[in-house]
1. Which one is surrounded by the most Cβ atoms within 10 Å (Cβ to Cβ), of the residues in region 106-125 that are of a type in the set (D, E, K, R) and more than 29 Å from L69 (Cβ to Cβ)?
2. If P98 passes every condition in (1) under 21 Å from N150 (Cβ atoms); (2) out of contact with any helix residue (DSSP H, G or I) (no Cβ under 8 Å at 6 or more places or on another chain) but one, which one does it miss?
3. Across region 87-125, what is the number of residues that are within 17 Å of E45 (Cα to Cα) and in a helix (DSSP H, G or I)?
4. Give region 126-145 a look and list any residue that's part of a helix (DSSP H, G or I) and either of a type in the set (A, V, I, L, M, F, W, C) or surrounded by 22 or more Cβ atoms within 10 Å (Cβ to Cβ) (or both), or say none.
5. Six or more apart or on different chains, Cβ atoms under 6 Å: show the pairs whose first residue is in region 41-54 and over 18 Å from E25 (Cβ atoms) and whose second is aliphatic (A, V, I, L, M) and in a helix (DSSP H, G or I).
6. Looking at region 65-105, which of its residues are modelled with pLDDT under 90 and surrounded by 16 or more Cβ atoms within 10 Å (Cβ to Cβ)?
Amino acid sequence: MQHVATLADLWQAVVLFFENVDIYELIQRHGTWFYTITFVWAFLEGETFLIFAGAAAAQGALDVWILMLCAATGTFCGDNVYFLLGRRFGHALLNKNPKRKRAAEKVFELLRKYDVAFILAYRYLYGVRMISAFAIGMSGMDFGKYAFWNGVASALWAFSFAMTGYLFGEVLENVMGDIHYVMIGLVVAVAGFFAVKALIKKFRHHRHKWPWSR
């Protein structure tokens, strides 16, 4: 029952968010300034936002290539800043936060094992996305090397999420027609995706407590 309540709360949060934040209306209101909003959102972290913006681009509200450029630039700049913050302040900050320190140690392990492949992939990895660039900055990796592969990863990230929204938006438009119904359909799909992720996380957590898993 607790899991059901958690998913219900998640769904309610999604519904409330999109009752008050209509991306299509935001585009109409701000015009080309929406690309700046995309840059800022991607700087912080904005996979879901980018998917919805991609769906709006499929309706002709945005140029999908400019959208991807702004998103790639935003996430590239954001992670470079996190890298530099990690290099300058990482050890001091993590010594005060054991939980984050354990997450950083996991990043170090993955980086040692996979090197460049990890830089290309960490934006898609649940549980280490937020701290990865910060921890890589602590690892001693050369900034030039990180910046180059971060640029490649940023372009791939922007392309994959924007085009997911774009292609999904085209499919939903053919089925539903109206942009608002397209966005509602996309909300359902994205909420379902995150609900499945939450259930998988809960399942893995409780599996370690089962007697036969010890």
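1. K106
2. Against the list (1) under 21 Å from N150 (Cβ atoms); (2) out of contact with any helix residue (DSSP H, G or I) (no Cβ under 8 Å at 6 or more places or on another chain), P98 comes up short only on (1).
3. Total meeting the criteria: 6.
4. Once the filter is applied, which keeps residues that are part of a helix (DSSP H, G or I) and either of a type in the set (A, V, I, L, M, F, W, C) or surrounded by 22 or more Cβ atoms within 10 Å (Cβ to Cβ) (or both), region 126-145 yields S132, A133, F134, A135, I136, G137, M138, F143.
5. A42/A71
6. Answer for region 65-105, where residues must be modelled with pLDDT under 90 and surrounded by 16 or more Cβ atoms within 10 Å (Cβ to Cβ): G90, L93, L94, R100, K101, A103, A104.
The values are calculated or read from the model by the stated rules, or taken from the named source; none is laboratory data. Small disclaimer: the values here were computed from a predicted structure and weren't measured. Don't worry about glycine lacking a Cβ; one is built from the backbone with ideal geometry, like all the others, and counts go over all protein chains shown.
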